[in-house]
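Readers should treat all values here as calculations from the given coordinates under stated rules, not as data from a laboratory. Remember, predicted model here, so these are calculated numbers, not experimental data. Positions of Cβ are backbone-derived with ideal geometry, glycine not excepted, and every protein chain shown enters the neighbour counts.
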Amino acid sequence: MEVPRRVSVYVDGSCFENRNVTASTRAGWGFCVVEGDLGIGNGKGRIIEEKSGEVVTSPESDGYLGAEVGSNNTAELSAIAHALRWLLTREGIEEATIKADSEYSLNISSGEWKAKANQDLAGRTRMLWKEVSGVLELKGEHVAAHRGHRWNERADHLAFRAMRGEMPLPLQFWKPGNR
């Protein structure tokens, strides 16, 4: 299969109870990489990769990226970090747009804002953003949450299911808005 030169990477995070969060609060992240996305929400294009998982808060565990707690913000940042790590392993991609419904995570990741909490996770994500920017054209774009945008809804589904410890529905059985 030929590697696309341009991709859109939709990312999202999910946390069931986002108040009084701790290291044991469950949170999940998800991303989907779309080729041929028109960016208007109608789901044009096709997913070439999707991944999801739980936010890891234990420094001794595999997949630890620096999150101190499970929260929506750490889930959003983890989704971007995992997407950036994926981009680093792919040859042939020349341009990627990270599309997130969290302005916070985009601005922290790109270095526009400074993190007040979870600074290790924010620092690692920022470092990955800088590294990916060195090998391909990278930009971030905010998309509205829960507005029926097919690929943003898919990233939300992946994150929500990961937070619950469940497998995502296969794409052919999933409908936007179906968590």
Self-check item: At most 10 other Cβ within 10 Å, DSSP loop - trypsin sites (Lys or Arg not before Pro), the range 1-37
Solution: R19
Quiz prompt | Three-way shape call for the chain based on the alpha-carbon gyration tensor, with the a/c threshold at 1.5 | solution = oblate
Exercise. Please get the size of the charge dipole for the chain, origin at its Cα centre, with Cβ charges of +1 on Lys and Arg and -1 on Asp and Glu, quoted in debye to the nearest 20.
Key: 360 debye
Quiz prompt | Sites excluded, GluC sites (Glu not before Pro) in DSSP loops with at most 14 other C-beta within 10 Å, longest stretch of the chain | solution = 113-165
Practice problem: List M163, M127 from most exposed to least, where exposure is judged by having the fewest other Cβ atoms within 10 Å. | Solution: M127, M163
Practice problem: Just check the range 95-176 against the gyration tensor rule for me: Cα atoms, a ≥ b ≥ c as the square roots of the eigenvalues, rounded for a/c under 1.5, and otherwise prolate or oblate depending on whether a/b exceeds b/c. | Solution: prolate
Exercise. Please give, to one decimal in nm, the separation of the simple spin-label points placed at E141 and S24, each 7 Å out from Cα toward the Cβ.
Key: 4.2 nm
Quiz item: With the Cα gyration tensor of the range 13-63 giving a ≥ b ≥ c as the square roots of its eigenvalues, does the rule (a/c under 1.5 for rounded; else a/b larger than b/c for prolate; else oblate) give rounded, prolate or oblate?
Solution: oblate
Self-check item: Computed E for M167/M127 - FRET, C-beta separation, R0 25 angstrom, nearest 0.05
Solution: 0.25
Quiz item: How far, in nm, would the chain grow between F16 and E95 when pulled straight, counting 0.36 nm per residue and subtracting the alpha carbon separation?
Solution: 25.1 nm
Practice problem: Enumerate lysine pairs in the range 6-173 that are 8 or more residues apart or on different chains, then count those whose Cα atoms are under 16 Å apart. | Solution: 5
Quiz item: Which listed residue (L65, A117, L136) has the Cα farthest towards the positive end of the charge dipole for the chain, taking +1 on Lys and Arg C-beta and -1 on Asp and Glu C-beta about the Cα centre?
Solution: A117
